[in-house]
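Visitor: The structure follows.
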Amino acid sequence: VAANALVLRNEVDHIAQWFSYLERQQLRSLLPGLAWGDFEWAATMDPQRTALAQAPSWSPLARMQLVDCLTWLPGNLLERGDRMTMAEGLEARPPFLDKELAAFGLALPDRFKVRRWTGKWIVRQWAAKLLPPHIIARKKWGFRVPLAHWFRGSMRDMLFGYLTNRQGLCGTYGNLQKVSQLLDGHDAGRFDANLTLWTLLSAEVWYQDVYRSLTGGNPAGAPVEPAVIR
């Protein structure tokens, strides 16, 4: 039981860090009941360290690509893309991950990948014959959603419901006063904390809807009473 409690408690810590937009000091402030020591923090980087150790003599760029291929792509971007498309019955096919094309691209010298601080250099040269210059030179553009607006509108009740639940992650391990100040300040428009709140909400949804169900509604090793408001 004690061993299982430790494993589950570590899983909570790692989930909070994996989804984290926050620095460690901010996490310590908002979730002081979790383990933010050097040992625990370093443990969350073990997959990256293991990947880097497989290519100690490669160029820094090649080592970064290896880490992405072994960790970030399968554990984040591709996993999320697959979930979102399959939720609508769609099949996504990332063309640059064609096996032969990916092997070709990874084997290219660094000068064909990055040149004069311009990434995807060889792809831009190829696409220059097909696309207008302003598209070729455009900076990376992520798929952002209007969280700041949603958290004051259609997602407000959900956000407050999860983050103020005294049986949730923040209620069990967090500083509820600081979490409430964050919620109220964003809700009133005094500042924009949408990324911080999204980090906490992601961890809360996992904690309340998945983790607590695995522990029978009472997380192993958790205090009987919620963390004291400081």
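Visitor: Looking at (1) over 22 Å from residue 25 (Cβ atoms); (2) at pLDDT 95 or above; (3) not in a helix (DSSP H, G or I), which is the one condition that is false for residue 190?
Guide: (1)
Visitor: May I pose another question? Pairs, please: C-beta under 8 Å, at least 6 apart or cross-chain, first residue more than 11 Å from residue 32 (Cβ to Cβ) and assigned to a helix (DSSP H, G or I) and in segment 158-183, second open to solvent by less than 10 Å² (accessible area, probe 1.4 Å) and among the β-branched types (Val, Ile, Thr)?
Guide: Cβ pairs passing all conditions: 163/179; 169/12.
Visitor: A further question follows. Check off (1) open to solvent by less than 50 Å² (accessible area, probe 1.4 Å); (2) assigned to a loop (DSSP other than H, G, I, E, B); (3) at pLDDT 90 or above for residue 208 and give me the number that stays unchecked.
Guide: Going through (1) open to solvent by less than 50 Å² (accessible area, probe 1.4 Å); (2) assigned to a loop (DSSP other than H, G, I, E, B); (3) at pLDDT 90 or above one by one, residue 208 breaks only (2).
Visitor: Same structure again: Could you list, in sequence order, the residues of segment 51-60 that are closer than 20 Å to residue 75 by Cα and touching a residue at least 12 places away in the same chain (Cβ under 8 Å)?
Guide: 51, 52, 54 - these are the residues of segment 51-60 that are closer than 20 Å to residue 75 by Cα and touching a residue at least 12 places away in the same chain (Cβ under 8 Å).
Visitor: A further question on this structure: Report, by residue number, each residue of segment 54-102 that is open to solvent by 70 Å² or more (accessible area, probe 1.4 Å), at pLDDT 90 or above and small (Gly, Ala, Ser).
Guide: Correct list: 87 only.
Visitor: Considering only segment 35-60, state which residues are farther than 24 Å from residue 113 by Cβ and either among the basic types (Lys, Arg) or in a loop (DSSP other than H, G, I, E, B) (or both).
Guide: Residues of segment 35-60 farther than 24 Å from residue 113 by Cβ: 35-46.
Those that are farther than 24 Å from residue 113 by Cβ and either among the basic types (Lys, Arg) or in a loop (DSSP other than H, G, I, E, B) (or both): 35, 36, 37, 44, 45.
Visitor: Taking into account only those residues within segment 136-164 that are of a type in the set (Val, Ile, Thr) and touching a helix residue (DSSP H, G or I) at 6+ places or on another chain (Cβ under 8 Å), which is least open to solvent (accessible area, probe 1.4 Å)?
Guide: Of all residues in segment 136-164, those of a type in the set (Val, Ile, Thr) come to 136, 145, 164.
Next, only the ones that are touching a helix residue (DSSP H, G or I) at 6+ places or on another chain (Cβ under 8 Å) stay: 136, 164.
Details: 136: 33, 164: 66 Å².
Filtering segment 136-164 for residues that are of a type in the set (Val, Ile, Thr) and touching a helix residue (DSSP H, G or I) at 6+ places or on another chain (Cβ under 8 Å), the one least open to solvent (accessible area, probe 1.4 Å) comes out as 136.
Visitor: Every residue in segment 73-100 that is assigned to a helix (DSSP H, G or I) and among the small types (Gly, Ala, Ser), please. Let's see the steps before the verdict.
Guide: First, the residues of segment 73-100 that are assigned to a helix (DSSP H, G or I): 73-86, 95-97, 99-100.
Residues satisfying the conditions are 75, 81.
The values are calculated or read from the model by the stated rules, or taken from the named source; none is laboratory data. Because the structure is predicted, anything quoted here is derived from the model rather than measured. Ideal geometry is used to build each Cβ from the backbone, glycine not excepted, and the neighbour counts take in all protein chains shown. Please note that ligands, DNA and RNA were not included when accessible areas were found on the heavy atoms of the full protein model with its side chains. Shrake-Rupley method; radii C 1.70, N 1.55, O 1.52, S 1.80 Å.
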